[in-house]
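Student: One structure is given below, represented as structure tokens, and several questions about it will come after.
Each reported figure results from applying straightforward, stated rules to the coordinates on display, with no laboratory input. A quick note: this is a predicted structure, and the numbers were derived from the prediction, not measured. Ideal geometry is used to build each Cβ from the backbone, glycine not excepted, and the neighbour counts take in all protein chains shown.
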Ligand SMILES: Nc1ncnc2c1ncn2[C@@H]1O[C@H](COP(=O)(O)OP(=O)(O)OP(=O)(O)O)[C@@H](O)[C@H]1O
Ligand SMILES: [Mg+2]
């Protein structure tokens, strides 16, 4: 292999008493794809942030092409042709794609039209499909991710760092991205990719470097690696990866969705005659290519979207009344006594407020319950501390702003808060996105526990193996329609795959 593009030597970085990186060495060559692997909070993002000028190391040296460099701002990194695509998007919502991409660039007087054209060329060259004039707030998570990637390419990155880029991409989009990365590798560029998905590491990388608890464990050639070798390097011991699925007990119909239709802002019908029942004491999985209506469906149930047709009925176990949630706001739904918890796909957008600490984020959910004009902090504090303990959230304390937590730990806080609200319906969209293997299994076990407590769990997942292992029934959606409802114990991956791509599916099958 050619020369090292970047060498890190003895990098140490602490935040208060948390040592995020301790004496880390790392080498990335020109023309290679290096994967970085490690559990949540092991220091991957921190290390990359020091290469991209966001943090400055406490100790250690960084060399680019053999020369020591001083990277003390993102601008320094950009001058060294280092581009980073962050785990949490750094885009301005009210701007469109083009404006976001040229933001902060010295492009003279901001000739937006000319920039848009140049950006379109970059997109065409690499095969990215985005509307450069679309506003960020109108974009799906994966479109936002694409803008970030195009932005780095547009700025001429030679060394491209991608922090969990595939977490928000469909398998097809991931393949497209991987093709781009391979093209860049052929051009002699260096790519560092962080992902928790071992099969992706094995597929795309040339070498893998592993971090554990802030320390550098080692690097191996991908050709000599397999999943169990990598897991053991990451965790430090062999671990078993099993989901224990119990038989549903005492199930009753909790949430009945009947013929739901929904149109988006552009007038496009995104939910078509959707019908299904979520039962207490079972996990209903939702499978589908991302963007098939999963998000809109959950948002409709939560009262965040106004459906145009159909009904959403809730059987209240306390009063035995049936409530119709159609046309109700989230607040009205709550006031009806519906105990609905929702872990949305976009956790820092809709779920949590990054600038607020963990305690305040607990209060976001509970403050309206209080009768007093004074905000009650004691209970949220105890809750925050319980979640930190139970879910092993890596954080200095409960007063740490959520945005300072590692990506996986942010996710644990959100899931913990939603479960703590003792819901009767728990909807979780991709709850293990960005979680390491251990934490993912922790979440699956939590969902199982909720099911055993009689909660109707709705789990939107992307990993078909997990859906099949975890769920009692699996609802498959395609193009906003239900294409099938399959028994989880009998489901086959191929069958789900077919249902997921059943283009002209006839709508609205009921599961009864
Ligand atoms: N700005 C900050 N202030 C305080 N602590 C921080 C800050 N940034 C990171 N940390 C802490 O440093 C440790 C390493 O975090 P980092 O984000 O690098 O982990 P990671 O390996 O990227 O994890 P994940 O897979 O969950 O994204 C964590 O304990 C995190 O809470
Ligand atoms: Mg990270």
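Student: Averaging over every viewing direction, what projected area does the convex hull of the Cα atoms of the chain cover, in nm²?
Tutor: Taking the Cα atoms of the chain, their convex hull projects to 24.7 nm² on average.
Student: Angle between the Cα long axis of helix 437-452 and the longest principal axis of the chain, 0 to 90 degrees, nearest 10?
Tutor: The answer is roughly 10 degrees.
Student: OK, next. Cα axis of helix 112-126 to longest principal axis of the chain: angle in degrees, 0 to 90, nearest 10?
Tutor: Tilt of helix 112-126: around 90 degrees.
Student: Starting with the highest mean, order 322-332, 397-407, 472-482, 175-185 by the number of other Cβ atoms within 10 Å, averaged over the residues of each peptide.
Tutor: 472-482, 397-407, 175-185, 322-332
Student: Another one. Report the extension gain between residue 494 and residue 187 in nm, rounded to one decimal, defined as 0.36 nm multiplied by the number of residues separating them, less their alpha carbon distance.
Tutor: 106.9 nm
Student: Taking 0.36 nm per residue of separation and subtracting the Cα-Cα distance, what length does fully extending residue 251 through residue 453 add?
Tutor: Gain on extension, residue 251 to residue 453, equals 71.6 nm.
Student: Treat each spin label as a single point 7 Å out from the Cα along the C-beta direction, and report the residue 56 to residue 12 distance in nm.
Tutor: Each label point lies 7 Å from its Cα, and together they span 1.8 nm.
Student: Just report the Cα centroid separation between segment 419-438 and segment 380-410, whole Å.
Tutor: Measuring centre to centre over Cα atoms gives 15 Å.
Student: Going by Cα centres, segment 263-295 and segment 80-94 are how many Å apart?
Tutor: One Cα centre to the other: 30 Å.
Student: In degrees, nearest 10, range 0 to 90: what is the angle between the Cα axis of helix 378-390 and the longest Cα principal axis of the chain?
Tutor: On a 0 to 90 degree scale, this one is about 70.
Student: So, in Å, what gap is there between the alpha-carbon centers of segment 1-79 and segment 470-493?
Tutor: Here the answer is 43 Å between Cα centres.
Student: Plugging the Kirkwood radius over Cα pairs into Stokes-Einstein for segment 281-345, at a temperature of 4 °C and a viscosity of 1.567 mPa s, what D comes out in µm²/s?
Tutor: 100 µm²/s
Student: In whole percent, what relative contact order does segment 155-253 give with Cα contacts below 8 Å and a gap of six or more residues?
Tutor: 20 percent
Student: Right, here's the next one. Of the listed peptides 333-343, 289-299, what is their order by residue-averaged count of other C-beta atoms within 10 Å, with the highest listed first?
Tutor: Put in order of decreasing packing, that is 289-299, 333-343.
Student: Also, quick follow-up: Taking the simple approach of a point 7 Å from Cα along Cα-to-Cβ for both residue 422 and residue 235, what is their distance in nm?
Tutor: Each label point is offset 7 Å from its Cα along the Cβ direction, giving 3.3 nm.
Student: So what's the back-of-envelope 222 nm ellipticity for the chain, counting only DSSP H runs of four-plus at -39500 (n - 2.57) apiece and dividing by all residues, rounded to 500?
Tutor: -9500 deg cm²/dmol
Student: What FRET efficiency, computed as 1/(1 + (r/R0)^6) with R0 = 41 Å and r the Cβ-Cβ distance, is obtained for residue 92 and residue 175, rounded to the nearest 0.05?
Tutor: E between residue 92 and residue 175, to the nearest 0.05, is 0.90.
Student: May I pose another question? What order do you get for 444-450, 77-83 when each peptide is scored by the mean count of other beta carbon atoms within 10 Å, highest first?
Tutor: 77-83, 444-450
Student: Okay, next question. Can you pull the Rg over Rh of segment 4-235, Cα-only, Kirkwood?
Tutor: 0.96
Student: Under the definition of Cα pairs under 8 Å and six or more residues apart, what whole-number percent is the relative contact order of segment 4-235?
Tutor: 29 percent.
Student: Remind me, relative contact order of the chain in percent, using alpha carbon pairs under 8 angstrom and six or more residues apart?
Tutor: Relative contact order here is 16 percent.
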